[in-house]
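Accompanying notes for the structure given below.
Any read-out appearing in this document is the output of simple, stated calculations on the displayed coordinates, not a laboratory observation. Please read these numbers as outputs of a predicted model, since none were measured by experiment. Quick reminder, even Gly has a Cβ in these numbers, built from the backbone with ideal geometry, and neighbours come from all protein chains shown.
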Amino acid sequence: MNRFNRLIQWLHKSYKKQCSWAIVNLFQRIIIQIVTRFIRWYYHCDIPYSLDISGCYFCHKGFGVVINPRTIIGKNVVIQHSVTIGEIGDKTPIIGDNVYIGAKATIIGNVNIGNNVKIGAGSVVLKDVPDGCSAVGVPARIIRHKDE
């Protein structure tokens with residue numbers, strides 16, 4: 001695991017501990033804010049520390065990754081650089097387990113990504129992707145099902 005992934009994991013754990021304390025440690029809150037701003041400045045990404053990303057792995061140190069704080073992400077998810085996971089209105093994506101998201105892919109809106117899914121580089125996912133499928137293109141369409 002690279003330094004970026006460890007830093008993101010530390011931020012999430014620190015935030016979780018902070019939320020469970022009765023009295024908030026001001027020093028730790030300041031450290032979390034400084035580290036978050038450093039990540040935004042140096043890595044050009046916006047990954048909220050309130051998001052549970054314990055099962056994510058960010059390739060290429062997460063450069064350019066933007067994730068909505070209300071997104072639900074499963075375990076063993078690999079996210080390449082310049083990926084955007086966002087919302088349309090109040091609807092955010094739900095990403096399953098064992099998902100690979102290629103570089104510069106965009107997932108927006110009320111989208112459910114199933115388990116064991118691969119999303120190709122540069123794809124724009126606007127519709128649900130069932131379990132075990134591969135999706136590519138703009139807009140993304142399914143090219144391989146789990147049965148094949």
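What the table below lists for this structure:
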quantity: Residue in the range 86-105 that is polar (S, T, N, Q) and either within 17 Å of Val125 (Cβ to Cβ) or touching a Gly at 6+ places or on another chain (Cβ under 7 Å) (or both) present; calculated: yes
quantity: Any hit, the range 74-90, residues being exposed (fewer than 14 other Cβ atoms within 10 Å of the Cβ), in contact with a strand residue (DSSP E or B) (Cβ under 6 Å, 6 or more places away or on another chain) and closer than 26 Å to Val138 by Cβ; calculated: yes
quantity: Subset tally (residues that are within 16 Å of the chain's Cα centre (by Cα) and not in a loop (DSSP other than H, G, I, E, B)) for the range 114-148; calculated: 4
quantity: Where a residue in the range 45-62 is touching a residue at least 12 places away in the same chain (Cβ under 8 Å) and over 18 Å from Val99 (Cβ atoms) and its partner, wherever it lies, is hydrophobic (A, V, I, L, M, F, W, C) and part of a helix (DSSP H, G or I), with Cβ under 6 Å and at least six apart; calculated: Tyr49/Leu11; Lys61/Phe4
quantity: Residue in the range 6-29 that is out of contact with any Asp or Glu (no Cβ under 7 Å at 6 or more places or on another chain) and under 27 Å from Gly137 (Cβ atoms) present; calculated: no
quantity: Residue match in the range 14-27 (condition: farther than 20 Å from Cys133 by Cβ and crowded, with 16+ Cβ neighbours inside 10 Å); calculated: yes
